[in-house]
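The values are calculated or read from the model by the stated rules, or taken from the named source; none is laboratory data. Worth saying up front: this structure is predicted, and the values here are computed from it rather than measured. Heads up, the Cβs are rebuilt from the backbone with ideal geometry, glycines too, and the neighbour counts pull from every protein chain shown.
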Amino acid sequence: MPTLPDLGRWLLFFGLGLAGLGLLLILLGRLPWLGRLPGDIRIQRDGFSCFFPLATSLLLSLLLTVLLNVLARILRR
């Protein structure tokens, strides 16, 4: 069972990570091309709208994969 200082550290790291993720989402929302890449599918009809960010999802997946692999290699040393 973790002690209170250990639990406090985990909560602090979790909170900082969550704040960092929020800041990242705010900054990504300001990029005008994100969500409007060629390959993103947008369907608009009368009373119906649907959006599939296919190209944006693939790009973000690729970037996150590279970033996490680099971090894993750095932390493994």
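Select from the range 51-77 the residues that are small (G, A, S) and under 13 Å from the mean Cα position of the chain (by Cα) and write down the one among them that is modelled with the lowest pLDDT. Full working, then the answer.
Just the residues of the range 51-77 that are small (G, A, S), to begin with: 55, 57, 61, 72.
After this cut, where a residue has to be under 13 Å from the mean Cα position of the chain (by Cα) as well, the list is 57, 61.
On the way: S57: 92, S61: 95.
For the range 51-77, the residue satisfying everything is S57.
Restricting the range 1-50 to residues that are in contact (Cβ under 8 Å) with a residue 12 or more places away in the chain and of a type in the set (A, V, I, L, M, F, W, C), which is surrounded by the fewest Cβ atoms within 10 Å (Cβ to Cβ)?
I41
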